[in-house]
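Below you'll find the structure, written out as structure tokens, and then a few comments.
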Amino acid sequence: MPALVLLGAQWGDEGKGKATDLLGGSVDYVVRYQGGNNAGHTVVVGDQKYALHLLPSGILSPGCVPVIGNGVVVDPSVLLSELSGLNERGVDTSKLLISGNAHLITPYHTEVDKVTERFLGKRKIGTTGRGIGPAYADKINRVGIRVQDLFDESILTQKVEAALDFKNQVFAKLYNRRAVRPEQIVEELLGYADALRGYVADTTLLLNDAIDNGQVVLFEGGQGTLLDVDHGTYPFVTSSNPTAGGACTGAGVGPTKISRVIGILKAYTTRVGAGPFPTELLDADGDALRSIGGERGVTTGRDRRCGWFDAVIARYATRVNGLTDFFLTKLDVLTGWERIPVCVGYEIDGKRVDELPFSQTDFHHATPVYEYLPGWSEDITKAKSFQDLPKNAQGYVKALEEMSGAPISAIGVGPGRDETIQINSFI
Ligand code: IMP
């Protein structure tokens, strides 16, 4: 009963789309379990490039059922436009299933996200502005609107009124903005009901049955380990749990059902938004990684912050997710450096540490301790096996594997679907 979790081992944008897509052909279900349209997966199929935000990347694999689990927050307008965009390009999206328990992002969540960031000023998180945090806040506050509410007008109206009672006070008194009329929101949401009805299902029942029947289920995390609201660099995090446990709560499957947890690890490090980043490069090397790696956000179009590989973070990801494997991505981006620094520990206030400090203050003061590995200049994009890689690239991969605490089972050597070296099978 292979049930695999695939998640980002760093700060997101590790190239998960490619990994999920690679597995797509042999997978029966691809499930998103948290986040919303703050995610950005780029999937290259042949000469076609797809940028997905909310939809699971399995939507591009014809044999696969894509599922939006209960832990996801769904902006219905974004969902429908993403679906119609794919339909226009000939992609069949009719198999999609959406949990009735997933929460909705409404226009007032997006509004709260934007005004809160403005209000925080220089303390802002650098969110994607998609209403993710406010939608999760309402869920936890028990004033959220769920997908199933779209099909009961009376319940929907009561819930929208309850949510706006308080929010409108905040809009008016704190942010000096006009109140949002509940009728307007209800009308907009009801307008999505017919288009979404056919996709809504009891996804928990379905996924548990699928696993029990020996089908292959892949849980696809958005964002990354260090953006997890519990295990990430709080408060500079997203408002959900991309870590492996999130797959259980966000899809309604028990931990005993998960057979493998694969961490996607970029051969260097990137981050979008504010927050600590010990190996960040503010020099020509950082610029080079950004331009060679195409490090620009799929969702926001923002330039990503870039830095060298950080083994402390990789080890941490292995620990908090119980990783069984790594998928190392974008190794080709490092071609051409004479020697490549790798962060093996930190120095914090004069002391050497090898594990991620639990204290936020300490992490903000951490400076990287580097080891320098010899680089390579040969083109590696055509490599089909580990042995095809130049010796120094092999050495780099092996060193990362030893430092990170789990086997590297696949290596991305270029953006295309087939530019991947598979070392161990995932299924
Ligand atoms: P939010 O998820 O929009 O609330 O943003 C919170 C933080 O997570 C910000 O620093 C974002 O830049 C970051 N973030 C959210 N989604 C992604 C992603 O898919 N990749 C990388 N960073 C992300």
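Out of all the residues in segment 258-309, which are of a type in the set (A, V, I, L, M), in a loop (DSSP other than H, G, I, E, B) and open to solvent by less than 30 Å² (accessible area, probe 1.4 Å)?
Once the filter is applied, which keeps residues that are of a type in the set (A, V, I, L, M), in a loop (DSSP other than H, G, I, E, B) and open to solvent by less than 30 Å² (accessible area, probe 1.4 Å), segment 258-309 yields Ala267, Leu281.
Six or more apart or on different chains, Cβ under 6 Å: which pairs go from a residue in segment 332-352 that's in contact (Cβ under 8 Å) with a residue 24 or more places away in the chain to one that's of a type in the set (Lys, Arg)? Could you list them?
Gly345/Arg352
Looking at Val65, Val45, Val72 in this structure, which one is surrounded by 24 or more Cβ atoms within 10 Å (Cβ to Cβ) and touching a residue at least 24 places away in the same chain (Cβ under 8 Å)?
Val72
Looking only at segment 322-335, count every residue that is under 30 Å from Ser259 (Cβ atoms), of a type outside the set (S, T, N, Q) and open to solvent by less than 10 Å² (accessible area, probe 1.4 Å) and tell me the total.
Matching residues across segment 322-335 total 5.
Could you please give the count of residues in segment 317-360 that are over 26 Å from Thr381 (Cα atoms) and in a strand (DSSP E or B)?
Total satisfying the criteria: 8.
Hey, among Ala366, Ala317, which residue is assigned by TED's automatic domain parsing to the domain that holds Val237, crowded, with 16+ Cβ neighbours inside 10 Å, touching a strand residue (DSSP E or B) at 6+ places or on another chain (Cβ under 6 Å) and within 25 Å of Gly246 (Cβ to Cβ)?
The match here is Ala317.
Mind listing whichever residues of segment 336-352 are open to solvent by 40 Å² or more (accessible area, probe 1.4 Å) and either among the β-branched types (Val, Ile, Thr) or outside the structural domain of Thr225 (by TED's automatic domain parsing) (or both)?
None; the set is empty.
Being part of a strand (DSSP E or B) and away from the ligand (no atom under 16 Å from the Cβ) is true for just one of Val43, Val73, Val91, Val31. Which residue is that?
Val31
Going through segment 406-427 one residue at a time, which ones are in a loop (DSSP other than H, G, I, E, B) and either among the small types (Gly, Ala, Ser) or within 11 Å of Ile262 (Cβ to Cβ) (or both)?
Scanning segment 406-427 gives Ala406, Pro407, Gly414, Gly416, Asn424, Ser425, Phe426, Ile427.
So, in segment 111-154, how many residues would count as being open to solvent by less than 70 Å² (accessible area, probe 1.4 Å), more than 14 Å from the ligand (Cβ to nearest atom) and in a loop (DSSP other than H, G, I, E, B)?
Result for segment 111-154: 4.
Of the residues that make up segment 228-246, is at least one open to solvent by 10 Å² or more (accessible area, probe 1.4 Å) and over 24 Å from Ile313 (Cβ atoms)?
No, there is no match, as no residue in segment 228-246 is open to solvent by 10 Å² or more (accessible area, probe 1.4 Å) and over 24 Å from Ile313 (Cβ atoms).
The values are calculated or read from the model by the stated rules, or taken from the named source; none is laboratory data. These numbers were taken from a predicted model, which means no experiment stands behind them. So basically every Cβ, Gly included, is an ideal-geometry build from the backbone, and we count neighbours across all protein chains shown. Accessible surface is based on the protein model in full, side chains and every heavy atom, while ligands, DNA and RNA are left aside. Shrake-Rupley method; radii C 1.70, N 1.55, O 1.52, S 1.80 Å.
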